[in-house]
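The next block holds one structure in the form of structure tokens; read it before the comments.
The values are calculated or read from the model by the stated rules, or taken from the named source; none is laboratory data. As the structure is a computational prediction, the values presented were derived from the model and not from experiment. Cβ placement follows ideal geometry from the backbone for every residue including glycine, while neighbour counts extend to all protein chains displayed. Heads up: the accessible areas ignore ligands, DNA and RNA and are worked out on the full protein's heavy atoms, side chains in. Shrake-Rupley method; radii C 1.70, N 1.55, O 1.52, S 1.80 Å.
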Amino acid sequence: MPIYYPILFFFGAYALTYFTIPKIIGLVEYKNLMDSPNKRSSHIKITPTLGGISFFYTLIFALFFLKGWGNYDEAIYFIPGLTILFIVGLKDDLVVLSPYTKLIAQLCAISFILSNESFMIHSLNGFLGIHEIPVYLYYGVAGFVMLTIINAYNLIDGIDGLAAIVGSIILIIYTTIFYITGEYFFALLCLTMNGCLIAFLSFNLSSNKKIFMGDTGSLIVGFIISTLTLKFLALSPESYDSLPFLLENAPLIAISILIVPLFDTARVFTIRLANKKSPFSPDRNHTHHILIDYFKISHQQASFIIGGFNLIFVILFVILGSSSYNFYLVIVLIVTVITLGYLFYRFDYSFANIKRKIIFRKKVDKLKNEVKKGGEKLIHKKKNKKNKKNKNIST
């Protein structure tokens, strides 16, 4: 592949997104389609949303030029899925939809991808001793994986910069994998999506031209990432020869690439179910909310910390996956997840408890001040009484 192709797709997507987002902001402000803050929001003023609109038409343009690159006409199968999620995400940003309506739309979108032979997984190549898998099991597992990734990515879009930063890291890793394995269609698709996210990030972190990607954007990005994950797992055994990890460790490498959205979703769903609530009920128990509420850091700091953790975790697993068999990697993954889960449980990092601790701390401080003031008044009163007594004696 000529070197100018990646440059054209990345900077073309960046420029198209960067120069059209201000137009979207202007239209959203003119039509008053702003996102108003509520009790669980991380922003404090009304902010334009619908930034994901730019992702949709940029990807459609890119897929037009990519249509001859795929071995199985993959570009044609992306367009219906992207269109379904674009319409549903747009409506959800304007008129809130139920989680089950969005779930049905996601099932319809992923059905187009699952029907393409390019994404068919025939074997797990010895992962946990599993080799060939039946077709019906593939459809069930692959559908579940895609749904999980789409919703997990959607859920981490809660503070400025986080979804774009984590998405960019994931896409950089997949770009590298697909470029090394010669899957240039997917490498260029990764670069296109990454160009969109980096251009969007400059506005998402801006103080005067801020915009959110909304469900319109997060569903589209989650759909692209879930499809790339499926393709990564569907690579031929020969393709893995050029990658720096063992063939049977591919599923664990995929989990490590998606560790941030997967861990956060698993943790939040567990808390909600433990509290006898719907797993889709909104709250402020996400990892990014905890970092902001408890440690009092900015959105940008929390986003870069989480993004950095994601990158370090992937590098660690690639290094371990180059020599260790999946049994040991599974142990490392389980220990890591349990440790992180224990830390959150041990310190009771839920928003409600944080709020109670802050209120209790304020009450204690107030009580201390009252006691201090009362003690000072008592001392002052005794001192005045003593001075008065001494004065009477002297007279």
*Would it be correct to say that Thr176 is over 20 Å from Ser303 (Cβ atoms) and either under 15 Å from the mean Cα position of the chain (by Cα) or without any contact (Cβ under 8 Å) to a residue 24 or more places away in the chain (or both)?*
yes
*If only one of Leu114, Leu124, Leu147 is in contact with a Pro (Cβ under 7 Å, 6 or more places away or on another chain) and of a type outside the set (D, E, K, R), which one is it?*
Leu124
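Each row is one residue, and each column tells you yes or no for (1) within 17 Å of Leu197 (Cβ to Cβ); (2) out of contact with any Phe, Trp or Tyr (no Cβ under 8 Å at 6 or more places or on another chain); (3) free of Cβ contacts under 8 Å to residues at least 12 places away in the same chain.
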{"position": "Leu243", "(1), (2), (3)": "no, yes, no"}
{"position": "Leu273", "(1), (2), (3)": "no, yes, yes"}
{"position": "Lys276", "(1), (2), (3)": "no, yes, yes"}
{"position": "Ile290", "(1), (2), (3)": "no, no, no"}
{"position": "Ile297", "(1), (2), (3)": "no, yes, yes"}
{"position": "Asn310", "(1), (2), (3)": "yes, yes, no"}
{"position": "Leu320", "(1), (2), (3)": "no, no, no"}
{"position": "Tyr328", "(1), (2), (3)": "no, yes, yes"}
*Does Asp241 fit the bill of being assigned to a helix (DSSP H, G or I), under 13 Å from the mean Cα position of the chain (by Cα) and among the acidic types (Asp, Glu)?*
no
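Listed residues Ile211, Ile271, Ile255, Ile225; which is assigned to a loop (DSSP other than H, G, I, E, B) and aliphatic (A, V, I, L, M)? Lay out the reasoning, then the answer.
Details: Ile271 fails: assigned to a loop (DSSP other than H, G, I, E, B); Ile255 fails: assigned to a loop (DSSP other than H, G, I, E, B); Ile225 fails: assigned to a loop (DSSP other than H, G, I, E, B).
Within the list Ile211, Ile271, Ile255, Ile225, the selection yields Ile211.
Table: residues versus (1) assigned to a helix (DSSP H, G or I); (2) open to solvent by 50 Å² or more (accessible area, probe 1.4 Å); (3) free of Cβ contacts under 8 Å to residues at least 12 places away in the same chain; (4) not polar (S, T, N, Q).
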| site | (1), (2), (3), (4) |
| --- | --- |
| Pro22 | yes, yes, no, yes |
| Glu29 | yes, yes, no, yes |
| Thr58 | yes, no, no, no |
| Gly70 | no, no, no, yes |
| Pro80 | yes, no, no, yes |
| Gly89 | yes, no, no, yes |
| Gln106 | yes, no, no, no |
| Ile113 | yes, no, no, yes |
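Here's a check for you: in the range 286-304, which residue that is assigned to a helix (DSSP H, G or I) and open to solvent by 50 Å² or more (accessible area, probe 1.4 Å) is modelled with the highest pLDDT?
That would be Phe304.
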*asked:* If Gly51 satisfies all but one of (1) surrounded by 14 or more Cβ atoms within 10 Å (Cβ to Cβ); (2) of a type outside the set (S, T, N, Q); (3) within 30 Å of Ser118 (Cα to Cα); (4) modelled with pLDDT of 85 or more, what's the number of the condition it fails?
replied: (3)
*Could you please give the count of residues in the range 228-276 that are in contact with a Pro (Cβ under 7 Å, 6 or more places away or on another chain) and modelled with pLDDT of 90 or more?*
1
*Could you tell me which residue of the range 155-201 is nearest to Val268 (Cα to Cα), considering only residues that are touching a helix residue (DSSP H, G or I) at 6+ places or on another chain (Cβ under 7 Å) and hydroxyl-bearing (Ser, Thr, Tyr)?*
Ser168
*Given (1) touching a Phe, Trp or Tyr at 6+ places or on another chain (Cβ under 8 Å); (2) not in a helix (DSSP H, G or I), number of the condition Ser206 does not satisfy*: (1)
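Restricting the range 311-324 to residues that are of a type outside the set (Val, Ile, Thr), assigned to a helix (DSSP H, G or I) and farther than 11 Å from Ile173 by Cα, which is most open to solvent (accessible area, probe 1.4 Å)?
Leu316
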_Anything in the range 154-189 that is open to solvent by 10 Å² or more (accessible area, probe 1.4 Å) and at positive phi? List them, or say none._
Gly182
*Among (1) open to solvent by less than 40 Å² (accessible area, probe 1.4 Å); (2) without any contact (Cβ under 8 Å) to a residue 60 or more places away in the chain, the one test that Ala15 misses*: (2)
